[in-house]
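Here's the structure we're looking at; comments come further down.
The values are calculated or read from the model by the stated rules, or taken from the named source; none is laboratory data. It should be emphasised that the depicted structure is a prediction, and the values quoted were computed from it without experimental measurement. We place every Cβ from the backbone using ideal geometry, glycine too, and count neighbours over all the protein chains shown. Only protein heavy atoms, including side chains, enter the accessible area calculation; ligands, DNA and RNA are left aside. Shrake-Rupley method; radii C 1.70, N 1.55, O 1.52, S 1.80 Å.
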Amino acid sequence: MEGVEVVFGYPGATTIDIHHYLLDSPLRFVMTRHEQAAIHAAEGYARVTGRPGVALVTSGPGATNTVTGLAAANMDSIPVIVFCGQVSRMMIGNDAFQEVDIVGITRPITKHNYLVRDTESLARIVKEAFYVATTGRPGSVLVDLPKDVISGQAEFKYPGKIKLRAYQPHLEPHPKQVAKAAELILAAKKPVLYAGGGVIMSGASEPLLALAERLNIPVTNTLMGLGGFPGTHPLFLGMLGMHGLYQANRAVQECDLLIAVGARFDDRVTGRLDQFARQAKIIQIDVDPTSIHKRVTTDVPLVADARLALASVLELLGEAPDYDQAARREWLAAIEAWRAEGRIDYHHLFEPIQPQMVIETLYQKTRGRDAVITTEVGQHQMWTAQYYSFDRPRRFLSSGGLGVMGFGLPAAMGAQVADPEALVICVAGDGSILMNIQEMVTIVEEKLPVKTIILNNGCLGMVRQWQQLFYHQRYANTILGPGPDFVKLAEAFGAKGFRAVTPEEVGPVLERGLAADGPVVMEFIVCQQALVYPMVAAGREIGDMLPYVAEICGQD
Amino acid sequence: MENGAKVIFRHTLSVLVDNEPGVLARVTSLISGRGFNIESLSVAETMDAKVSLITLITSGSPPIIEQIIKQLRKLINVIKVVDLTEDDYVEKQLVLVKVRAAGQGDRSELRSLCEIFKGKILDVSSKTYTMEFTGNEKKIRDILILLDEFGIEEQVSTGLTAMARTRMFKKERKSA
Ligand SMILES: Cc1ncc(C[n+]2csc(CCOP(=O)(O)OP(=O)(O)O)c2C)c(N)n1
Ligand SMILES: [Mg+2]
């Protein structure tokens with residue numbers, strides 16, 4: 001009814017009836033080895049397909065293990081629906097075995113949640129859950145299923161269409177606001193498009209590209225927005241924010257019009273807020289009214305679906321809009337100068353391997369293959385965002401709002417389930433990868449040819465970076481011990497393992513690893529001292545960036 | 001560009017919600033979870049048994065109040081939010097007070113206060129009067145200040161409830 005083909009999850013006493021029926025159903029059940037991973041996998045699946053991801057877990061510990069995944073999906077506006085078992089209705093409130101108030105626990109971290117009180121309302125609630133998760137600003141929804149409700153019987157009546165009195169997302173842009181936006185766009189001399197995950201969610205890449213090209217407007221992406229605008233396009237500025245590219249941050253600080261599309265002025269993007277885009281008028285397109293005037297005051301708010309809003313603006317602007325072309329040439333020239341000024345240089349042949357070089361080489365080796373890249377969280381995530389160009393939406397999967405270490409590997413698994421032919425690569429750090437490493441079992445057993453790249457810097461690099469720059473090089477609890485032998489670990493799980501230690505080995509290891517059949521882990525022993533640059537220090541305005549500095553490796 | 005208006009005002013919000021278990025918790029935890037404070041709260045079913053009305057009072061700068069209202073509207077079970085402070089409205093609260101009333105003088109003075117403020121004496125003991133007053137917040141405050149001179153032993157009050165002077169939830173009533 002909702003087009004679901006795959007369910008991720010883990011069984012238990014309260015869901016045993018459902019599994020009993022799943023055995024004979026055409027639904028594919030992918031059994032992860034931890035419920036947290038099931039939710040991230042469902043999110044990965046949803047991000048790649050644009051359809052909701054679904055998970056099924058048992059009550060109590062099964063349910064509590066979904067908390068991180070629910071929060072992550074909700075913060076990044078990804079439609080994920082989690083069904084979890086609950087003790088029978090007469091036991092609720094008795095501190096029964098494996099009873100938790102999961103509806104109470106997940107209330108603030110889901111878009112909505114339900115406790116199903118009788119079998120008769122089950123079908124309607126399932127319908128509602130899908131509707132709420134996928135419409136408006138999408139998000140996560142949890143449905144709590146008492147065991148006796150599951151095993152009860154009722155006539156099956158699945159609603160065709162539903163309308164909720166209290167929930168009617170606003171999708172169509174207001175014509176007056178569209179006209180005001182068009183007017184500002186035509187008048188701007190130094191405009192910038194600031195595009196976030198909303199572009200990807202709403203499928204607005206095409207009108208975004210059209211708007212940028214028709215008026216020669218440079219585009220910057222948030223981490224969530226990468227791929228929403230072609231990364232190799234000459235008008236692309238790169239990512240903005242704390243680890244944004246120099247030209248992107250400078251352009252935002254100097255622009256006279258900022259057009260935010262499906263982006264929410266996150267603090268990692270804006271830096272010091274009262275200085276952010278200080279000269280600019282702001283147009284903000286967002287389907288979620290709470291995003292408007294939340295962090296900055298907007299001159300023209302457009303509460304609407306990004307695709308519809310951009311299409312209306314384009315229609316009003318016409319095929320050959322009349323804007324100040326001379327001013328635009330000057331603006332783009334200024335941006336090119338910043339691009340040259342900010343060019344990040346590091347030394348390819350430094351030993352040990354510079355981590356940035358691994359990502360650059362990975363990009364060269366996979367260019368044109370439309371790979372899906374997931375990341376964990378940390379420096380490797382930022383380097384991937386900076387050095388890998390994404391030309392298509394739904395190809396870069398990273399935990400943005402919640403920043404969950406442990407997201408990347410299960411998300412890659414979900415992506416590969418969604419698109420079995422795709423080249424799916426998880427770029428991980430040596431810290432993050434261990435947070436859901438058990439999923440290597442699922443990957444091997446489900447025969448998912450996920451390629452995992454571990455940038456092993458022997459530390460929790462992103463935290464260590466802050467300690468190096470702002471905590472007097474006191475590396476409290478961030479330097480990891482020798483850790484496991486990742487090649488042997490891969491082999492123990494039944495995957496293939498490769499390792500590169502010198503810069504010369506990087507290319508060949510990537511080639512061999514990517515060419516190998518089935519799941520592969522490639523470990524790169526990289527420079528521990530390498531830092532993510534450029535960087536905006538906390539509390540600074542985003543034009544004020546620490547430039548790239550080559551760190552001398554191996555001297556801590 | 002920052003949203004930093006510093007002026008803080010008290011706002012009375014009328015929140016019409018689905019009358020379902022857990023909805024009040026959604027409303028209150030949303031407000032407290034985002035670091036806002038609820039100063040007063042009252043809830044009751046409306047004429048439509050499927051709908052409840054929550055009246056809540058909170059304080060904040062205009063951008064904060066705008067956020068609270070928008071966040072409330074975003075809740076799936078919230079049908080409508082009206083900021084009464086922007087309109088003409090009436091509000092009332094009920095308070096019960098136990099006041100020391102030992103001597104004859106105090107007793108007669110309390111009785112006349114009660115009459116002036118249209119209160120009621122609910123119970124009499126040898127040392128106290130238990131009285132009931134209703135009114136808007138200011139009236140209640142004034143009464144309590146006066147009664148305090150006699151010595152208030154105990155006091156409980158309901159939250160404020162409020163209604164706009166013009167009909168605010170027309171559509172919802174009709175669709176009921
Ligand atoms: C679950 C979780 N715990 C802690 C953090 C805080 N944190 C952010 S990045 C990071 C270091 C990650 O280390 P690693 O995966 O090795 O990546 P690197 O920065 O070294 O590339 C930590 C601990 C987090 N984001 N998520
Ligand atoms: Mg690391």
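Output the helices (runs of 4 or more DSSP H) that fall wholly within the stretch A:369-453 and possess 2 or more residues being more than 16 Å from ligand 2 (Cβ to nearest atom) and either under 17 Å from the mean Cα position of the chain (by Cα) or within 14 Å of chain B (Cβ to nearest Cβ) (or both), or say none.
Here the list reads A:379-387, A:408-418.
How many of the residues in the stretch A:106-149 are part of a loop (DSSP other than H, G, I, E, B), within 29 Å of the chain's Cα centre (by Cα) and of a type in the set (Lys, Arg)?
2
Just to be sure, is A:GLN528 within 16 Å of ligand 2 (Cβ to nearest atom), surrounded by fewer than 20 Cβ atoms within 10 Å (Cβ to Cβ), under 27 Å from the mean Cα position of the chain (by Cα) and closer than 30 Å to A:ARG250 by Cα?
Considered against the rule, which asks whether it is within 16 Å of ligand 2 (Cβ to nearest atom), surrounded by fewer than 20 Cβ atoms within 10 Å (Cβ to Cβ), under 27 Å from the mean Cα position of the chain (by Cα) and closer than 30 Å to A:ARG250 by Cα, A:GLN528 comes out as no.
Those residues that are open to solvent by 10 Å² or more (accessible area, probe 1.4 Å), within 11 Å of another protein chain (Cβ to nearest Cβ), outside any helix (DSSP H, G or I) and touching a Ser or Thr at 6+ places or on another chain (Cβ under 9 Å), I need them from the stretch B:26-83; list them, please.
Matches in the stretch B:26-83: B:ASP48, B:LYS80.
Do you know which residues across the stretch A:8-27 are open to solvent by 10 Å² or more (accessible area, probe 1.4 Å) and within 27 Å of A:MET75 (Cα to Cα)?
A:TYR10, A:PRO11
Residues of the stretch A:454-502 being within 16 Å of ligand 2 (Cβ to nearest atom), out of contact with any helix residue (DSSP H, G or I) (no Cβ under 6 Å at 6 or more places or on another chain) and small (Gly, Ala, Ser), which ones?
Result: A:GLY458, A:ALA476, A:GLY481, A:GLY483.
One line per residue, one yes/no per condition, for (1) within 17 Å of A:VAL358 (Cβ to Cβ); (2) outside the structural domain of A:VAL450 (by TED's automatic domain parsing):
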position: A:ALA492; (1), (2): no, no
position: A:PHE498; (1), (2): yes, no
position: A:GLU504; (1), (2): yes, no
position: A:MET535; (1), (2): no, yes
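Out of all the residues in the stretch A:451-476, which are more than 9 Å from ligand 1 (Cβ to nearest atom) and either at positive phi or among the basic types (Lys, Arg) (or both)?
Result: A:LYS451, A:HIS472, A:GLN473, A:ARG474.
In the stretch A:272-298, how many residues are under 20 Å from the mean Cα position of the chain (by Cα) and not aliphatic (A, V, I, L, M)?
Residues flagged as under 20 Å from the mean Cα position of the chain (by Cα) and not aliphatic (A, V, I, L, M) within the stretch A:272-298 amount to 3.
Please tell me if A:LYS281 is within 14 Å of another protein chain (Cβ to nearest Cβ) and more than 16 Å from ligand 1 (Cβ to nearest atom).
Yes; evaluated as a whole, the condition is true for this residue.
Could you list, in sequence order, all residues of the stretch A:389-399 that are surrounded by fewer than 24 Cβ atoms within 10 Å (Cβ to Cβ) and either within 16 Å of ligand 1 (Cβ to nearest atom) or closer than 21 Å to A:ARG343 by Cα (or both)?
If the condition is that a residue be surrounded by fewer than 24 Cβ atoms within 10 Å (Cβ to Cβ) and either within 16 Å of ligand 1 (Cβ to nearest atom) or closer than 21 Å to A:ARG343 by Cα (or both), then A:SER389, A:ASP391 are the ones that fit.
Look at the stretch A:339-368 and say how many of its residues are within 16 Å of ligand 2 (Cβ to nearest atom) and open to solvent by 40 Å² or more (accessible area, probe 1.4 Å).
Within the stretch A:339-368, residues that are within 16 Å of ligand 2 (Cβ to nearest atom) and open to solvent by 40 Å² or more (accessible area, probe 1.4 Å) number 1.
Among (1) surrounded by 20 or more Cβ atoms within 10 Å (Cβ to Cβ); (2) touching a residue at least 60 places away in the same chain (Cβ under 8 Å); (3) within 13 Å of chain A (Cβ to nearest Cβ), there is one condition B:LEU13 misses while meeting the rest; what is its number?
Failed condition: (3).
Test A:ALA371 against the criterion of being modelled with pLDDT of 95 or more, open to solvent by less than 60 Å² (accessible area, probe 1.4 Å), assigned by TED's automatic domain parsing to the domain that holds A:PRO234 and of a type outside the set (Phe, Trp, Tyr), and give yes or no.
When the stated conditions are applied, A:ALA371 does not pass them.
From A:ARG33, A:ARG89, A:ARG107, grab the single residue that is basic (Lys, Arg), closer than 18 Å to A:ALA412 by Cβ and open to solvent by 40 Å² or more (accessible area, probe 1.4 Å).
Within the list A:ARG33, A:ARG89, A:ARG107, the selection yields A:ARG33.
Got a sec? Which helices (runs of 4 or more DSSP H) wholly within the stretch A:205-317 have at least 3 residues that are in the same structural domain as A:ALA182 (by TED's automatic domain parsing) and either aromatic (Phe, Trp, Tyr) or closer than 27 Å to A:ILE373 by Cα (or both)?
A:205-215, A:246-254, A:267-270
How many residues are open to solvent by less than 10 Å² (accessible area, probe 1.4 Å) and in contact with a Gly (Cβ under 8 Å, 6 or more places away or on another chain) if we restrict to the stretch A:270-302?
3
With the condition kept exactly as written, say whether any residue in the stretch A:150-161 is free of Cβ contacts under 8 Å to residues at least 24 places away in the same chain and in a helix (DSSP H, G or I).
no
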